[in-house]
Amino acid sequence: MPKISEMFSTKTSNSAVLETVDIVGGTHLADNLNPEIFKELEQNTHYVDTTAEVAAECKSVCDDDHIGTTNLNSPSYLPDLGLWPTLVSKNMREYWIAKGSSECQNLDADFSATSTRFEGEKYNRQCQKSLFTFAHLCTKQQYPQRVAETIRHLAVRGLAFCGTNEIIGSVDNSNFLGTLELLAKIDPFMAQHINQKANKGQGHTSYLSNAVCEEFIHLMAKRVLQNILDELKASKYFSVSVDSTPDISHVDQLTCIVRYILPLGPVERFVAFLDMQGHTGKVLAESLLGFLTRHEVNISDCPGQSYDNASNMSGKYNGMQAVIHRKCPLAEYVPCAAHYLNLVCQSAVSCCLESVGFFGFVQGLCSFLVASTHRWKVVHNQLKKKGLPTVKRLSDTRWSAHAAAVKDVVKGYEEIKAGLKEIAADAEQKGDTRKEALNHASNMDHLETGILTLVCHHVLKRFNSNSQLLQSADQDINSAAAIYESLEEYVKNMRPKFEQLEAEGKLLSGCEHYEDEMKRNRQRNRSYDEPGSAPEELPDNKPTRSANQLCKIYPGDLEPSLSDELLQFSAFLKTELAERYLDSSSSVEAPVLSEIPSSPAPSEDSSAPPSPVTTTPSDDEDMSFNDDNELHEHDQTMEFENNDAMKLESPEVRMYKLILENKLETVFSNIEVALRIYLSLMISNCSGETSFSILRYIKNSYRSTMGQRRLNDLILLSAEQDILRELDINSLINDFALMKS
């Protein structure tokens, strides 16, 4: 960088790009600028492209009249270069910023060597001083940008900002100060600022305090919220969803989600945690209406609302949806599709005792293993040999956890069983531990467990994938109905495939017989006065169980006495057939009475032999149940078709985009409005559940005393990080400067 005296020489440049500009005394500033400075600027192509651009900048600046002059004959005068941030292009400013504050020294030094060669010594000195003052100001303005970018980086990830102190160099200061310290290691300007301003105490402006950090956080949150409200008002039609949950400090948080349409499709946005003064539907509705009124959002433009199945939300007369519907009759209530799918799955499991017992086995298996590091290590080593996942716990609310737990049991069935048997055979373990491990291993040897594992795996896998589709914001009502129909069809098509599932279960469990078939028949010793000496074999109780199960299926058509009638009818058949055999003179060999079944097996076609199992897994890849290997070919084809259909945009979204892309809003204005209303209908409140997950992450046990405004700001920045990433930091800094002025 040349000295200031070298920027003005007695030589006149012959360059064509250096245009002359009249200044005091008839001198020509551009003609007398040293061309070497432009050569250096030209070499820094990152900051300036050509010398002509720099000359144009100089001419543009000098053409403006911003300062007084003693020469009334000159039409334009040199402006104050401290005003360059609004006059000079980004390239020129970045060049001086790159030079740094080290060039901003001796601003008031005497430039007598230069002033003796030019008229208007005062203006030359002002030019020289203002030039470096501008560089100093530009360099100083870079610190707020670093602060804002650091805050944005932490807010997107939901990290903590403040620490136990604000001392630079302390390991307990904060993530905010720690990030700035890390930045100072590679940024000379940041290092210089921290060395000069840090740890000065109150009364010294350093922009390193928590107060500045909080002000920037609030400014960013206001910008993000305003962006959401502007998009909502531009779209006009929207749907709302609210839900509540207690936080770590036992305070109820009422989340508010809005759904509206953008040119790219429907979006669901978190806006705030509303004030919650009670749990009744009326109080919740008033809280929502008050928030919308404060932000000038018209509730009459709300065509839909969606909540979970809680009575204070979905109540027909006093629920929140009823109160909102009275305020806005067009606000139709749409029950949460994902919540109802969970209820269907839970009801289906609870109505079958065998499935209840199976999930109890899965949960008990995981609890048994995690209770001891040694047990966990034994089973983990068995699974690690083949790179299989470990067992997982179930969840009380999310059936996706059930699907993941059952999937891991299916994949590592043999390895888990081998680990349990190893624990049971370990003589160093306690007797209770060995017995429990043996019980779990024996349970996995049963054919019933193998079949239930496969059935639950396939059903829950499909339930989970459909539930994830329902939770996405780009689904509409027609898509939700198609997802439900697809799942119903999938379960129906599994029923005829039981023989195939049974064959798979035999391979998985290593057992060929059901538990009831392996039990011996009970025998009764005869009394001394009864004929015969061999113990009497009691009839099998399988017909009784089948009769009771049939009565449960058709309670209005069959009575509980069906089992007794079956036993009597069986005895009657034996007697009748025996008498016919004795009276018959036919030469046809009579059947042996012991081969007569105790109860007839109903069949649609008794003459048709049972179809053998023709499809069985032949290798470990089939048993691993990867996503590319389904149990049934039909299921695989159907799942492929449905998943592809769900990944595509709905016809309504495609029609809406087609209208916008071809700018046909005025041609098909009614259709465009109808599509906006329809696509704004919310089908689930899963976005509210997402905000609860962020809430538990941000307001944790270490930050349980966080204020409500700060909590709203941080969750808004983290939940809507796509908007936060697009914020204009320079505009944000201007707002900060206006606020501090």
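The values are calculated or read from the model by the stated rules, or taken from the named source; none is laboratory data. Please read these numbers as outputs of a predicted model, since none were measured by experiment. Note that each Cβ is placed from the backbone with ideal geometry, even for glycine, and that neighbours are counted across all protein chains shown.
Would you call Asp308 closer than 30 Å to Ile261 by Cβ, assigned by the TED database to the domain that holds Asp230 and within 24 Å of the chain's Cα centre (by Cα)?
yes
Those residues that are in a loop (DSSP other than H, G, I, E, B) and touching a residue at least 24 places away in the same chain (Cβ under 8 Å), I need them from the range 170-188; list them, please.
Once the filter is applied, which keeps residues that are in a loop (DSSP other than H, G, I, E, B) and touching a residue at least 24 places away in the same chain (Cβ under 8 Å), the range 170-188 yields Ser174, Asp187.
Against the definition (modelled with pLDDT under 90, within 28 Å of the chain's Cα centre (by Cα) and surrounded by 13 or more Cβ atoms within 10 Å (Cβ to Cβ)), how does Ala285 come out, yes or no?
Here the answer is no, as Ala285 does not meet what is asked.
Working only within the range 668-693, note down all residues that are more than 14 Å from Ser235 (Cα to Cα), in contact with a Phe, Trp or Tyr (Cβ under 7 Å, 6 or more places away or on another chain) and not small (Gly, Ala, Ser).
Once the filter is applied, which keeps residues that are more than 14 Å from Ser235 (Cα to Cα), in contact with a Phe, Trp or Tyr (Cβ under 7 Å, 6 or more places away or on another chain) and not small (Gly, Ala, Ser), the range 668-693 yields only Asn685.
Tell me which residues, restricted to the range 485-496, are in contact (Cβ under 8 Å) with a residue 60 or more places away in the chain and surrounded by fewer than 17 Cβ atoms within 10 Å (Cβ to Cβ).
Passing the criteria: Glu489, Asn493.
Since Lys699 meets every condition but one in (1) within 22 Å of the chain's Cα centre (by Cα); (2) among the charged types (D, E, K, R); (3) more than 30 Å from Tyr207 (Cβ to Cβ), which condition does it not meet?
For Lys699, the exception is condition (3).
Kindly provide the set of residues from the range 644-677 that are touching a Gly at 6+ places or on another chain (Cβ under 9 Å) and within 15 Å of Asn478 (Cβ to Cβ), ordered by number.
Scanning the range 644-677 gives Glu649, Val653, Tyr656, Ile677.
For the range 189-205, give me each residue that is touching a residue at least 12 places away in the same chain (Cβ under 8 Å) and either part of a loop (DSSP other than H, G, I, E, B) or surrounded by fewer than 12 Cβ atoms within 10 Å (Cβ to Cβ) (or both).
Ala198, Asn199
Every residue in the range 428-471 that is in contact (Cβ under 8 Å) with a residue 60 or more places away in the chain and not in a helix (DSSP H, G or I), please.
Hits for the range 428-471 are Asp445, His446.
Only one of (1) among the aliphatic types (A, V, I, L, M); (2) closer than 20 Å to Leu695 by Cβ; (3) free of Cβ contacts under 8 Å to residues at least 60 places away in the same chain is not met by Ile248, so which one is it?
The failed condition is (3).
For residues that are loosely packed, with under 13 Cβ neighbours inside 10 Å and among the hydroxyl-bearing types (Ser, Thr, Tyr), tally how many sit in the range 311-370.
5
One residue is enough: does the range 658-673 have a residue meeting the conditions surrounded by 14 or more Cβ atoms within 10 Å (Cβ to Cβ), at pLDDT 50 or above, under 26 Å from the mean Cα position of the chain (by Cα) and part of a helix (DSSP H, G or I)?
No, that holds for no residue.
Can you spot a residue in the range 404-412 that is part of a loop (DSSP other than H, G, I, E, B), of a type outside the set (Asp, Glu), more than 30 Å from Asp516 (Cβ to Cβ) and in the same structural domain as Phe498 (by the TED database)?
Checking the range 404-412: not a single residue is part of a loop (DSSP other than H, G, I, E, B), of a type outside the set (Asp, Glu), more than 30 Å from Asp516 (Cβ to Cβ) and in the same structural domain as Phe498 (by the TED database).
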